[in-house]
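Structure record follows, encoded as C-alpha cells.
The values are calculated or read from the model by the stated rules, or taken from the named source; none is laboratory data. Here the structure is a predicted model, which is why all the values come from computation and not from measurement. Virtual Cβ from ideal backbone geometry, glycine too; neighbours counted across all protein chains shown. Heads up: the accessible areas ignore ligands, DNA and RNA and are worked out on the full protein's heavy atoms, side chains in. Shrake-Rupley method; radii C 1.70, N 1.55, O 1.52, S 1.80 Å.
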Amino acid sequence: MPTYKKLDSDIKELLHQGTVIPAHPLALNRDLSLNEDRQRLLTRYYMASGAGGIAIGVHTTQFGIRKPEIGLFETVLQLAEEEISESRLTRPFIKVGACW
C-alpha cells in the first residue's frame, strides 16, 4: 500500500492559487528507445516555462511505460527528479507520479 505524506504548505498554497501541471511527454528516438538527453530537456523546459509542476506517466499514451516488460517508468521518474533537484528551484514545483 502506498505511503502518503502531508502536503507541504507551499505546495498546498500553490494548488489553492491554481497552477499548470502538464503531463510530461515521453522523448523517444526513432527506434522507440528513450532519449534521455531530450527527456531531461523537457523537464528543464517545464521548469523554465513557469509550470507549477509535472505529471509523469499520467497520460493514456504513457500508461505502457508502467509495465514491467517496458521498464521505463522508474527511469523517467528518476531523470525528472534529477533535473528538478539539480535546478535548485526557489519556488514550489509539484511532482505527480506513483513513485515520488
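Surface composition of the chain: carbon plus sulfur atoms hold 53% of the accessible area, using a 1.4 angstrom probe and ignoring ligands, DNA and RNA.
Each principal axis of the Cα cloud of the chain was taken in turn, and the coordinate range along them, longest first, works out to 42, 34, 22 Å. Summed over the residues of the chain and divided among them, the accessible surface reaches 70 Å² per residue at a probe radius of 1.4 Å.
Rounded to the nearest whole Hz, the Karplus-based 3J(HN,Hα) values (6.51 cos²θ - 1.76 cosθ + 1.60, θ = phi - 60°) of the stretch 82-90 follow the sequence 4, 5, 5, 5, 6, 6, 6, 4, 9, with x at glycine and proline.
Net charge near E36: determine it from the other residues with C-beta under 12 Å of the C-beta of E36, scoring Lys and Arg +1 and Asp and Glu -1. Local net charge: -1.
Once the chain from L15 to R30 is taken as fully extended at 0.36 nm per residue, the excess over their C-alpha distance is 1.7 nm.
Cross-link reach is defined here as a Cα-Cα straight distance under 16 Å, omitting same-chain residues fewer than 8 places apart; for K95 the aspartates and glutamates meeting it are D8, D10, E13, E74, E81, E82, E83, E86.
Since only A55, P25, L7 are under comparison, the one whose Cα sits farthest along the positive direction of the charge dipole of the chain, derived from C-beta charges on Lys, Arg, Asp and Glu, is L7.
Between the helical axis of 36-49 and the longest alpha-carbon principal axis of the chain there is an angle of about 20 degrees. Applying both filters, DSSP loop and at most 16 other Cβ atoms within 10 Å, to the trypsin sites (Lys or Arg not before Pro) of the stretch 25-77 gives R30.
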